[in-house]
Structures are given as C-alpha cells and as structure tokens.
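Sharing a structure, written as structure tokens. Questions coming.
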Amino acid sequence: MKNIIETLGKWMEPVKEFMVRHQSNPILWLALFGLGIFVFVTVYRALQKEK
C-alpha cells in the first residue's frame with residue numbers, strides 16, 4: 001500500500017509543478033474546467049442510456 005502511495009506521489013509531482021507555473025492563467029483554468037464538464041456530461045449521458 002505504501003508503494004502505491006509513493007508511486008502516485010511521484011506521478012503527481014509534474015501536475016503540481018504545472019499548476020504552480022500556470023496558476024495566473026485564467027483562460028487555461030476555464031478551458032480545463034470546461035473540459036471536465038464536457039467529460040462529465042458525456043459519461044453521464046452514456047450511463048443514462050443503459051437504463
């Protein structure tokens with residue numbers, strides 16, 4: 001279990017660096033937020049068709 005947590009920590013390091021480097025770019029964050037909403041809606045609709 002500890003090995004998994006350490007591996008995830010290593011993978012998240014570039015993500016943390018990216019966030020710190022681009023924290024003052026609101027257009028990037030709005031685009032990422034929009035992409036997240038798009039993925040959510042797409043998955044939600046696909047799961048609703050299963051009913």
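So which residues in region 35-51 are surrounded by 10 or more Cβ atoms within 10 Å (Cβ to Cβ) and small (Gly, Ala, Ser), if there are any at all?
Gly36 - this is the single residue of region 35-51 that is surrounded by 10 or more Cβ atoms within 10 Å (Cβ to Cβ) and small (Gly, Ala, Ser).
Limited to region 1-34, what total is found for residues that are polar (S, T, N, Q), loosely packed, with under 10 Cβ neighbours inside 10 Å and part of a helix (DSSP H, G or I)?
Taking region 1-34 first, the residues polar (S, T, N, Q) are 3, 7, 23-25.
Okay, now just the ones that are also loosely packed, with under 10 Cβ neighbours inside 10 Å, so 3, 24.
Adding the requirement that they be part of a helix (DSSP H, G or I) leaves 3.
Here the count works out to 1.
Pull out all pairs, ordered by first then second residue, where Cβ-Cβ is under 6 Å, the residues are six or more apart or on different chains, the first lies in region 22-51 and is in contact (Cβ under 8 Å) with a residue 12 or more places away in the chain, and the second is open to solvent by 100 Å² or more (accessible area, probe 1.4 Å) and assigned to a loop (DSSP other than H, G, I, E, B).
Partner pairs satisfying both residue conditions: none exist.
The values are calculated or read from the model by the stated rules, or taken from the named source; none is laboratory data. Not measured: the values here are computed from a predicted model. Cβ sites come from the backbone with ideal geometry, for glycine too, and all protein chains shown count toward neighbours. Areas reflect the complete protein model, heavy atoms only, side chains present, ligands, DNA and RNA absent. Shrake-Rupley method; radii C 1.70, N 1.55, O 1.52, S 1.80 Å.
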